[in-house]
Amino acid sequence: MTSDPIADMLTRVRNAIQARHPKVDVPASRLKTEIARILKEEGYIANYKVAEEGVKRTIKIYLKYATDNSPVISAIERVSRPGCRVYVGQSEIPRVLGGLGINILTTPRGVMTGREAHKERVGGEILCRVW
């Protein structure tokens, strides 16, 4: 059992991209499924699917590569950790690479990107940054 399952998911995706794997399996949770949904909506992954194998649920994340076999995700990093939570208000949401990347936040209205949170005028905890 890991103390930070979100960081475990991001590390699995990062390792799979470096090894040029077509997909990666991650133990499922509602929050991880929402993160995968946002990554798909923003075009960083090709697809994801929640699979139930008996009692265990896993998320199959299908990674996306460009035509020259370079990964679409350049970097994916955890911001708020169990030892040091990072909360921001609506006006304090940072931009990632001048707007080229995204923040994934968990807010009172659910998990969303930094852009969506700014539009809806809500702040929250910054889970990770992707570019």
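The values are calculated or read from the model by the stated rules, or taken from the named source; none is laboratory data. A quick note: this is a predicted structure, and the numbers were derived from the prediction, not measured. Glycine also receives a Cβ, built like all others from the backbone with ideal geometry; neighbour counts cover every protein chain displayed.
A few comments on the model shown:
A quick yes/no check of all residues on (1) farther than 23 Å from E120 by Cα; (2) more than 14 Å from the chain's Cα centre (by Cα); (3) of a type in the set (G, A, S):
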position	(1), (2), (3)
V24	yes, no, no
R57	yes, yes, no
V72	yes, no, no
Y87	no, yes, no
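- Count of residues meeting criterion [of a type in the set (D, E), at pLDDT below 95 and closer than 22 Å to T11 by Cα] in the range 58-84: 0
- Count of residues meeting criterion [among the aliphatic types (A, V, I, L, M), over 24 Å from T106 (Cα atoms) and surrounded by 15 or more Cβ atoms within 10 Å (Cβ to Cβ)] in the range 37-73: 0
- Options V96, V55: the member that is in contact with a Lys or Arg (Cβ under 8 Å, 6 or more places away or on another chain) and over 18 Å from D8 (Cβ atoms): V96
- Meets criteria (closer than 20 Å to E77 by Cβ, in contact with a Leu (Cβ under 6 Å, 6 or more places away or on another chain) and at pLDDT 95 or above) for I45: yes
- Once the range 15-27 is narrowed to residues that are out of contact with any helix residue (DSSP H, G or I) (no Cβ under 9 Å at 6 or more places or on another chain) and buried (at least 17 other Cβ atoms within 10 Å of the Cβ), the residue that is nearest to R129 (Cα to Cα) is I17.
- Test: residue in the range 114-123 that is closer than 23 Å to D25 by Cβ, touching a strand residue (DSSP E or B) at 6+ places or on another chain (Cβ under 7 Å) and modelled with pLDDT of 95 or more: no
- The combined condition, being at pLDDT 95 or above, under 17 Å from R12 (Cα atoms) and not aliphatic (A, V, I, L, M), is not fulfilled by Y87.
- Note on the range 1-42: residues that are touching a residue at least 40 places away in the same chain (Cβ under 8 Å) and farther than 18 Å from I73 by Cβ total 3.
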